[in-house]
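Notes to accompany the following structure.
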């Protein structure tokens, strides 16, 4: 199992969780024990590259996305790619992973998406 978290840099488990899923600087990938496996730059079209963030995450083997929020299109694409999405507030990679592991954040539904991205 591979877990991905949108992040602000390359500081591993102490890195900040990005507020904006698609416009984060990096994606940090963890195993199911919370150990950092890799950190990649966000090269999606949101950041001037190609492809959408869910495509980039799936290309790197993501099974689960832990984030603070995302739009309805991103949630739909994650579902299409078989990536489970969990949303919750957290400061660092370690914080959000621990909350997920302890079932303190919930699986995302259409009720959890960012309303400003629903147009």
Quiz item: For residue 78, all conditions in the list (1) buried (at least 17 other Cβ atoms within 10 Å of the Cβ); (2) modelled with pLDDT under 95; (3) over 22 Å from residue 12 (Cβ atoms) hold save one; what is the number of the exception?
Solution: (2)
Practice problem: Could you tell me which of the residues 93, 113 is farther than 25 Å from residue 14 by Cβ and in contact with a helix residue (DSSP H, G or I) (Cβ under 8 Å, 6 or more places away or on another chain)? | Solution: 113
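Taking the stated definitions as given, is residue 19 surrounded by fewer than 19 Cβ atoms within 10 Å (Cβ to Cβ), in a loop (DSSP other than H, G, I, E, B) and modelled with pLDDT under 95?
Working: surrounded by fewer than 19 Cβ atoms within 10 Å (Cβ to Cβ): yes; in a loop (DSSP other than H, G, I, E, B): yes; modelled with pLDDT under 95: yes.
Judged against the criteria, residue 19 is a match.
Yes/no per residue for (1) loosely packed, with under 14 Cβ neighbours inside 10 Å; (2) in contact with a strand residue (DSSP E or B) (Cβ under 8 Å, 6 or more places away or on another chain); (3) at pLDDT 95 or above; (4) part of a strand (DSSP E or B):
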site	(1), (2), (3), (4)
39	no, yes, yes, yes
50	yes, no, no, no
56	no, yes, no, no
62	no, yes, yes, no
69	no, yes, no, no
73	no, no, no, no
82	yes, no, yes, no
94	no, no, yes, no
Exercise. Give me a count of the residues in segment 22-37 that are part of a loop (DSSP other than H, G, I, E, B) and either more than 16 Å from residue 71 (Cβ to Cβ) or in contact with a helix residue (DSSP H, G or I) (Cβ under 6 Å, 6 or more places away or on another chain) (or both).
Key: 8
Quiz item: Do we find a residue being loosely packed, with under 15 Cβ neighbours inside 10 Å and assigned to a strand (DSSP E or B) anywhere in segment 3-14?
Solution: no
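The values are calculated or read from the model by the stated rules, or taken from the named source; none is laboratory data. As the structure is a prediction and not an experimental result, all values here were calculated from the model. Here the Cβ is made from the backbone with ideal geometry for all residues, glycine too, and neighbour counts use every protein chain on show.
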